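So the structure is just underneath, and the comments pick up after that.
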Amino acid sequence: MSAFSFSAAPIDTAGLAGPLASPAAGGFAAFEGRVRDQNEGRTVRSLEYEAFEALAVAEGERIVADAVRRHGATLGRCVHRTGRLAVGDVAVWVGVSAPHRAEAFAACREIIDAVKHRLPIWKKEHYADADSGWVNCEHAAHPAVAEFDYSRQSALPEVGTTGQRRLAEAHVVVVGAGGLGCHVLASLAGAGIGRLTIVDHDRVEASNLHRQPLYAIADVGRPKAEAAARRLADYNPGLRYVPVARRFDAELGAALLAGANAVVDCTDNFAAKFLVNDAAQRAGIPAVIASVYQYEGQLQVVRADRGGSCLRCQWPEATRDGLVGNCVEAGVLGPVPAILGQLQALEVLKLLLDLPGQLQDELLLVDLLEHGQRRLAAPRNPACAGRCVRVDAAAAHAPPATDVDLRLPLAAAVAAGYRIVDIREPMECAFEPLPVSGQQSMPLGRLLDGALAVEAGHPYLLVCAHGVRSHAAAEFLRARGHANVWSLAGGLAAQS
Ligand SMILES: [Zn+2]
């Protein structure tokens, strides 16, 4: 039996108390939180609870186990309702047995408070006059006096009601709620992103405040993820905020990124950036990565969803943080991470709204002293140690590397960065064009005359009708020192 669980059905309080009895327990304390018929003077008809269960159950179990251990209790159990509840229904039940009453009371109280403050559970109240928006349980106290209005944004023809709806249905994960993250979060909450997951294991420090305006002096010492979620819920209560006060790692990444539309990297060190990059590759979602150093910043959008180049394509594994430093060592003016964070938020909105000018396979370099911006090509590195080269699985079925034939879908080869060379005659090409675009056309005769300029560092895939001419051409080029040239096995005929 799990110490914490959710229940979509009414909670059976008597059935829950029974198993907590023990001959060694002289005290038993139980708490029932029930749905009230009014809130701040308004009549409540019913309410709904929704939870991010994958995360909440693990965290809930930790809360119960910690309270039981800390207070020397014997057993503890907590059940939270989800779905629609009527007035008088039990919304949350906590039971603790302990050797004496004091331990039972104290542990029970701690569990109630922690469940209310730490778990990603949202509440929507249905009033007699109107309904509230979804709010994190902690913030359910005050009904909004006005509605958050997106009209200045949806007035853009590229946004409109369709775009606004797309944003409301989006889920974006922000890793790091510091100098970059505060600005990303504020802008994305303002834009109406329906669900924002905030990952940060740090606590607010006084030295953060000058560049992290989501936090107030009173937040110093509090977990950043929770303080940010609280502040944002005051700012725009209609959205869902999932605070995750844990260090981002591969396991957490897999849980949080599944089903998300994008992840934004706002960390301040390379080790964490590589983790975000890799998690995005595995989840197949875009990652918007930024870093700042003194008066400069860099922005890269890793389109893992489109087979784009990744962070590891540009930076070798051995890249160490000592190489560039971070805010702690190097110092930073508040507007620098603010501007880079806003650029990250902008790229997220561009990709969610499918606006033109999106960064892909590029680095954006920003120099804020000289007000310079440059877009540099950052193509896929065929030797990338990351997972961005997605033909791995297809290549596993290909003949051994001594052969030149490669059997894989042309689209996958394009996605993996192969330069496609169509070596058929112009008549053949016109009659049956390749099912991809961007290829180079180079009839075999001209290729054998040495007309193909093979650029080192890029893989080439030669294509003909049945894979015979391309095989010969690849061997011809290999013999001239071009090791990274391949022939599409079976040619175009084998593609259908
Ligand atoms: Zn890569």
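Restricting the search to strands (runs of 3 or more DSSP E) fully inside region 58-115 and requiring at least 3 residues that are in the same structural domain as V35 (by TED's automatic domain parsing), touching a residue at least 40 places away in the same chain (Cβ under 8 Å) and buried (at least 20 other Cβ atoms within 10 Å of the Cβ) gives 75-81, 90-98. Here A262 fulfils each of the conditions (1) among the aliphatic types (A, V, I, L, M); (2) within 16 Å of the ligand (Cβ to nearest atom); (3) closer than 26 Å to L365 by Cα apart from (2). Of all residues in region 205-228, none that is surrounded by fewer than 16 Cβ atoms within 10 Å (Cβ to Cβ) has its Cβ atom under 8 Å from the Cβ atom of a residue that is hydrophobic (A, V, I, L, M, F, W, C) and assigned to a strand (DSSP E or B), 6 or more apart or on another chain.
Output the number of residues of region 377-422 satisfying the condition of being away from the ligand (no atom under 13 Å from the Cβ), at pLDDT 50 or above, outside any loop (DSSP other than H, G, I, E, B) and out of contact with any strand residue (DSSP E or B) (no Cβ under 9 Å at 6 or more places or on another chain).
Taking region 377-422 as the starting set, the residues that turn out to be away from the ligand (no atom under 13 Å from the Cβ) are 377, 393-414, 418-422.
If we keep only those that are at pLDDT 50 or above as well, we get 377, 403-414, 418-422.
Now narrow it down to the ones that are outside any loop (DSSP other than H, G, I, E, B): 377, 405-406, 410-414, 419-422.
The next check asks that each one be out of contact with any strand residue (DSSP E or B) (no Cβ under 9 Å at 6 or more places or on another chain); those that pass are 411-412.
Residues that pass the stated criteria total 2.
When we screen L311, L299 for residues that are buried (at least 18 other Cβ atoms within 10 Å of the Cβ), under 20 Å from R380 (Cα atoms) and away from the ligand (no atom under 16 Å from the Cβ), the only hit is L299.
Only one of the numbered conditions (1) buried (at least 16 other Cβ atoms within 10 Å of the Cβ); (2) out of contact with any helix residue (DSSP H, G or I) (no Cβ under 7 Å at 6 or more places or on another chain); (3) modelled with pLDDT of 90 or more is violated by A25, and that is (3).
Yes or no, residue by residue, for (1) farther than 27 Å from D149 by Cα; (2) not β-branched (V, I, T):
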residue	(1), (2)
G238	no, yes
A254	yes, yes
C266	yes, yes
D278	yes, yes
Q281	yes, yes
A287	yes, yes
G297	yes, yes
V301	yes, no
R306	yes, yes
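Any residue in region 72-95 that is over 25 Å from D12 (Cα atoms) and at pLDDT 85 or above? Checked region 72-95: at least one residue is over 25 Å from D12 (Cα atoms) and at pLDDT 85 or above.
Would you please list the contacts, defined by Cβ atoms under 6 Å and residues six or more apart or on different chains, that run from a residue in region 269-284 that is farther than 14 Å from Q314 by Cα to a residue that is in a helix (DSSP H, G or I)? Pairs that qualify, where the first residue is farther than 14 Å from Q314 by Cα and the partner is in a helix (DSSP H, G or I), are N269/D321; A279/G253; A279/L257; A280/A304; Q281/A304; A283/L257; G284/A304; G284/D305. Say whether the condition of being farther than 18 Å from L349 by Cβ, at pLDDT 85 or above and within 11 Å of the ligand (Cβ to nearest atom) is met by at least one residue in region 280-287. Yes, the conditions are met somewhere in region 280-287.
The values are calculated or read from the model by the stated rules, or taken from the named source; none is laboratory data. What you are looking at is a predicted structure, and each value in this text was computed from that prediction instead of being measured. Positions of Cβ are backbone-derived with ideal geometry, glycine not excepted, and every protein chain shown enters the neighbour counts.
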